[in-house]
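Visitor: Here it is, the structure in full.
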Amino acid sequence: MKKSAFILIIVLACFTQITLAHHLKLFNEMPDLLLICVILVSLDFDLKSALLFSIFSGVLKDLFSSSGFGFNVLFFSFWSFAVVRLARKIVFDNDLIRVALVAIVSFLHNLLIAVALFAAGYAIPAGVALRILFIGTIFTAVVSFLFFKIKNKVWAVFS
């Protein structure tokens, strides 16, 4: 039951990101709602399920983004694997610890995307890259706190 609820959460996050999130930009940066979903699923499910949800999230993000197809599928799968492995060693039982995890993963994800785009020949000005790295990371981490609260309510309904 939780898995079907999470499919709905991912689809809603995707459509929120492509429709409503553009109106909530902060310094022209939006929170990465699908990356938050990848971290949520990686903390709550086993590796196989987490990877499937991460691939699904990556495909959705790649379909609606302007970057090359496959970046997010590859990176989301990697982050899912890393978070599941990390969750075996560290207990993420507090929402603030989870927000810190989201901030770290978001920063590294944005950094990897910038490096991959640079390696592919796209020129990204340093100011834009720094804005994405810091403002995008902070905004994603703040919004993730709301996601954790919503997820707790949804899980209570589907339990």
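Visitor: Say we join alpha carbon atoms closer than 10 Å with springs in a Gaussian network model of the chain; which of 142, 41, 84 then has the biggest fluctuation?
Guide: 142
Visitor: Angle, helix 2-19 long axis vs. longest principal axis of the chain, Cα atoms, 0 to 90°, nearest 10?
Guide: 30 degrees
Visitor: Please get the size of the charge dipole for the range 2-158, origin at its Cα centre, with Cβ charges of +1 on Lys and Arg and -1 on Asp and Glu, quoted in debye to the nearest 20.
Guide: Working: 13 positive and 7 negative charges, 60 e Å.
Charge dipole, the range 2-158, about its Cα centre: 280 debye, nearest 20.
Visitor: Let me ask something else. Sorting 88, 131 on the 10 Å Cβ count, fewest up front, what's the list?
Guide: On the way: 88 9, 131 14.
With the fewest neighbours first, 88, 131 line up as 88, 131.
Visitor: Give me the net charge for the shell around residue 46: Cβ to Cβ below 15 angstrom, other residues only, Lys and Arg +1, Asp and Glu -1. List each step's numbers first, then the result.
Guide: Working: positive: 2, 3, 48, 85, 88; negative: 44.
Local net charge: +4.
Visitor: Please list, by residue number, every one of the trypsin sites (Lys or Arg not before Pro) in the range 1-84 that is coil in DSSP and has at most 12 other beta-carbon atoms within 10 Å.
Guide: Details: sites: 2, 3, 25, 48, 61; in loops: 25.
Qualifying residues, ordered by number: 25.
Visitor: Considering only the other residues whose Cβ falls under 11 Å of the Cβ of residue 71, what net charge follows from Lys and Arg at +1 and Asp and Glu at -1?
Guide: Numbers: positive: 61; negative: 62.
Summing Lys/Arg as +1 and Asp/Glu as -1 gives 0.
Visitor: Ranked from highest to lowest mean number of other Cβ atoms within 10 Å per residue, what is the order of the peptides 116-124, 70-78, 6-14, 28-36? Mind showing how you got there, number by number?
Guide: Working: 116-124: 11.0, 70-78: 19.7, 6-14: 17.7, 28-36: 22.7.
Ranked from most to least packed, the peptides come out as 28-36, 70-78, 6-14, 116-124.
Visitor: Going by how many other beta carbons lie within 10 Å of each one, how would you line up 23, 109, fewest first?
Guide: Values: 23 7, 109 25.
Going from sparsest to densest Cβ surroundings: 23, 109.
Visitor: With unit charges on the beta carbons (Lys and Arg positive, Asp and Glu negative) and the dipole taken about the Cα centre of the range 2-158, which residue among 124, 6, 35 sits farthest to the positive side?
Guide: Looking along the dipole axis, the top candidate is 6.
Visitor: Can you list, bin by bin at 10 Å, the percent of alpha carbon pairs in the chain, starting at 0?
Guide: With a bin width of 10 Å, the distribution comes to 11, 42, 37, 9, 1.
Visitor: Residue by residue through the range 137-153, which ³J(HN,Hα) values in whole Hz follow from phi under the Karplus form 6.51 cos²θ - 1.76 cosθ + 1.60 (θ = phi - 60°), with glycine and proline marked x?
Guide: For the range 137-153, the Karplus-derived couplings read 5, 5, 5, 5, 5, 5, 5, 4, 4, 5, 4, 5, 5, 5, 4, 4, 5 Hz, x marking Gly and Pro.
Visitor: For the residues 105, 157, 59, what sequence is obtained by ranking on other C-beta atoms within 10 Å, fewest first? Can you show the working numbers first?
Guide: Numbers: 105 27, 157 8, 59 16.
Ordered by Cβ neighbours within 10 Å, fewest first: 157, 59, 105.
Visitor: For residue 47, put the label point 7 Å out on the Cα→Cβ axis and report which residues of the range 79-110 keep their amide N under 13 Å from it.
Guide: Under 13 Å, as judged by backbone N against the label point of residue 47, lie 80-89 of the range 79-110.
Where a number appears in this text, it was derived from the coordinates with a stated rule and is not lab data. Everything quoted here is computed from the prediction, not taken from an experiment. With ideal geometry, Cβ positions are generated from the backbone for all residues, glycine too; neighbour counts draw on all protein chains shown.
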